[in-house]
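Structure record follows, encoded as structure tokens.
The values are calculated or read from the model by the stated rules, or taken from the named source; none is laboratory data. Keep in mind the model is a prediction, meaning the values are calculated, not measured. So basically every Cβ, Gly included, is an ideal-geometry build from the backbone, and we count neighbours across all protein chains shown. Please note that ligands, DNA and RNA were not included when accessible areas were found on the heavy atoms of the full protein model with its side chains. Shrake-Rupley method; radii C 1.70, N 1.55, O 1.52, S 1.80 Å.
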Amino acid sequence: MPLDRLWFDPAQVFIGGRWLTLPETLPLEDPSTGAAIGAIARGGAAEIDAAVAAAEAALAGPWGRMTAAERGRVLARIGALVLARADDLAVIEATDVGKPLKQARADALALARYMEFYAGAADKLMGETIPYLDGYTVYTLREPHGVTGHIVPWNYPMQIIGRSVGAALAMGNACVLKPAEEACLTALAFARLAEEAGLPAGALNVVPGLGEEAGAALTAHPGVRHLSFTGSVGVGQLVQAAAARNVVPVTLELGGKSPQVVFADADLDRALPFLVNAGIQNAGQTCSAASRILVERSRYAEVVDRMAARYGALKVGPALSDLDVGPLISARQKALVEGFLALAGDLTLAARGQVVEGAPAGGHYVAPALLADVGPDHRLAQEEIFGPAQVVIPFDDEDHATAIANGTGYGLVAGCWTENGSRALRMAKRLRAGQVFLNNYGAGGGVELPFGGVGLSGHGREKGFEALYGFSVLKTVAAHHG
Ligand code: NAD
């Protein structure tokens, strides 16, 4: 879909059901070519103020008066529209983020699934009755926070909007969404579809802009009652500090250095595609990327060889060519990743993929790199590279594997491959992560599966039914009737 045929204006903000053009804009870049292809709005504190006011008005108006079942119906209609436009949304996302078309399409389908899931869940969160003193009836209510702030990164805009805005709307909150300045088009596309589906004005507001302007204004705003942040650890710390000043709850979905642990008895034929794909998906710009592969020593060389063969065949090129790997999001991200790869020094570079001939010179391409014999304490094995690179590390036994796997500050996702069922269950308990995959690796996938981290990977859970608890407040009502 050429950008001049979009069903929304990429340079506008969406506040209180109105599309507004701002005097200041930011450049819109295609990462596959590095070329400027348009402009987006540069929202700031004034637009955030207006968006919070519009959200408050929505809560006091038709949106706030809707029953849970009615909210579910609106979400179902949004999901149907997203599904109908999935191909267009995929092209928009591929162009904006640089991800291969099939990944962008999977993201569009996930956005539709989040709407379907939360449409069905909207009227299913029940309170409880609590046995108490004689003469009392006590029960609990689940109520919306009010205005919720959502700050989203550029790597999976549709999936992250789906999981956080979807759950927040299902619970009856009114949302102010600040998408990333690098990729905000599908946030606007989604808002236009939500409008078309009949979402009342002000229930969803979208303000693109810079993190330190629109983002910081949203986190500092006293009218915002809950913050959902997905992004880097450093900015997450700023968001949590801002939330502390206003004493509001915050969900932090941050980075990771997720391991897949491969025991000697693993079914390698089945494991191999998961080991590699979970590292190079979205050019490694995935919070739950399996960036560390831990292999029992007796099969270490074999796994490195087999992964290297796959790496050697990986093709990198423009998003719309739909190859294995697309460009990175920006020149800045490319420089960061190349800086990490330069650290490899004398370490064994087991294999690299190839940038295809004819890939535009201005695109932000990095050939995927498989690094073997990297010590578990090396920076490459400790820090989030956020690019197409994986390290492969040998281990001796379960204790050793556990110590290495749990030996970073992060704890987002972990995988374990073994045909020994007892060991699989033991490892699931021992691995320090918010999600553990046994004999598979979902890279955070699964709309139904609660997701979130421990340690530097953040706190709070989104996705699945669990998210509804985070996006609501429990009220206890004690009635005395004698
Ligand atoms: P980032 O933290 O730089 O930006 C994320 C968002 O925060 C953007 O919308 C940005 O504009 C905004 N922001 C920046 N400065 C801000 C400020 N001072 N106040 C408020 N908002 C501000 O992260 P990024 O580089 O865009 O994304 C990459 C990071 O996100 C990686 O660390 C990755 O692991 C993490 N991530 C985590 C998950 C998860 O679910 N756990 C998912 C995707 C990405």
Nitroxide proxy distance, nm - points 7 Å out along Cα→Cβ at A301 and D267: 2.7
Is it possible to state the helix-based mean residue ellipticity at 222 nm for the chain, with each DSSP H run of 4+ residues giving -39500 (n - 2.57), the sum divided by total residues, to the nearest 500 deg cm²/dmol? What is it? -11500 deg cm²/dmol
I'd like to check one number: the per residue accessible area of the chain, probe 1.4 Å, reported in Å² as a whole number. 37
Go ahead and run the numbers for FRET between N440 and D396, Cβ-Cβ distance against an R0 of 25 Å, rounding to 0.05. 0.50
May I ask you to evaluate 6.51 cos²θ - 1.76 cosθ + 1.60, the Karplus curve with θ = phi - 60°, for each residue of the stretch 343-353 and list the ³J(HN,Hα) values in order in whole Hz, giving x for glycine and proline? 5, 4, x, 7, 4, 6, 8, 6, 5, 9, x
For the stretch 163-176, Karplus-derived ³J(HN,Hα) couplings (6.51, -1.76, 1.60; θ = phi - 60°; whole Hz; x for glycine and proline) come out as 6, 8, 5, x, 5, 5, 5, 4, 8, x, 6, 10, 9, 10
When the charge dipole of the chain is computed with +1 on Lys and Arg Cβ and -1 on Asp and Glu Cβ about the Cα centre, the Cα farthest towards its positive end, among G256, P360, A241, belongs to A241
Which ³J(HN,Hα) values in Hz, rounded to whole numbers, follow from the phi angles of the stretch 264-269 under the Karplus curve 6.51 cos²θ - 1.76 cosθ + 1.60, where θ = phi - 60° and Gly and Pro get x? 4, 8, 5, 7, 5, 4
Sulfur and carbon atoms: percent of accessible area, the chain [1.4 Å]: 54
Checking the stretch 397-463 for chymotrypsin sites (Phe, Trp or Tyr not before Pro) in a loop per DSSP with at most 14 other beta-carbon atoms within 10 Å yields none
Most to least packed among 254-263, 56-65 [average Cβ atoms within 10 Å]: 254-263, 56-65
Quick one: angle between helix 421-430 and the longest Cα principal axis of the chain, in degrees between 0 and 90, rounded to 10, please. 60
Cβ-defined net charge surrounding P273, 12 Å radius [Lys, Arg +1; Asp, Glu -1]: 0
Arrange the peptides 31-39, 379-387 so that the one whose residues have, on average, the most other Cβ atoms within 10 Å appears first. 379-387, 31-39
Checked the stretch 152-289 against the a/c 1.5 cut and the a/b vs b/c comparison, axes a ≥ b ≥ c from its Cα gyration tensor; verdict prolate
Two-site label geometry, A220 and E357: point separation in nm, points 7 Å out along Cα→Cβ: 5.5
Quick one: which residues, 5+ away or cross-chain, put their amide H under 5 Å from the amide H of T25? H built at 1.01 Å from N. R42
Consider a paramagnetic label point 7 Å from the Cα of A313 along Cα→Cβ; state which residues of the stretch 352-380 have an amide N under 14 Å from it. 353-354
Can you tell me the orientation of helix 68-84 relative to the chain, as the angle in degrees between its alpha-carbon axis and the longest Cα principal axis, to the nearest 10? 40
